[in-house]
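Comments concern the structure below.
Just so it is clear, none of the values below were taken in a lab; they were calculated from the coordinates. Keep in mind the model is a prediction, meaning the values are calculated, not measured. Here the Cβ positions follow ideal geometry from the backbone for every residue, glycine too, while neighbour counts run over all protein chains shown.
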Amino acid sequence: MEREEFKARTKQFALRIIRLSEKLQKIGGSARILSKQLLRSGTSVGANYRAACIAKSSNDFLNKLKIAEEEADETVYWLELLIDSQLLPGERLHDLHDEARQLTAMLTASIKTTRLNIGK
């Protein structure tokens, strides 16, 4: 996948997270707290990937990719908590959860490739 495509995909993911967060805020209670965590991690995946794309060195690129991967994986965790807690119907979250897992896997693969290319 090309950089611009991945940027667009992570941006769309962030927009979906924002909409979900708004719904969770309306529920209140623990859903409100989870929404804040989810909003932070889910929107930072794309922001950190964009930062990686303008990195000053290969090592800087790798480090920023790692941060994006961590944020994507954290988002998977928050979505799993939402699914398991049944605060919202699980079927409404499965596509988003799947996308978070795919983004995590793609970032992990990019990290492995980058490490091979720079000899780390």
Hydropathy first: keep DSSP H helices in the chain averaging at least 1.6 on Kyte-Doolittle, then drop any whose Cα extent along the axis falls short of 20 Å, and list what survives.
-> none
In nm, spacing of pseudo-spin labels at H94 and R3 (7 Å Cα→C-beta vector) = 3.7
Cα-based Lys proximity count in region 1-60, under 27 Å, for pairs eight or more positions apart or on separate chains = 9
Mind checking which of G29, G42, G90 has the largest fluctuation in a GNM of the chain, springs on alpha carbons under 10 Å?
-> G29
Subtracting the Cα-Cα distance from 0.36 nm times the residue separation, let me have the gained length for I18 to Q37 in nm, one decimal.
-> 5.7 nm
Expressed in nm to one decimal, what extension gain is obtained for the pair R115 and D84 from 0.36 nm per residue of sequence separation less their Cα-Cα distance?
-> 7.6 nm
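Calculate the FRET efficiency for I54 and Q25 from the Cβ-Cβ distance with a Förster distance of 35 Å, rounded to the nearest 0.05.
The formula returns an efficiency of 0.60 here.
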Cα gyration tensor of the chain diagonalised, 5x eigenvalues square-rooted, in angstrom largest first, produces semi-axes 29, 13, 12
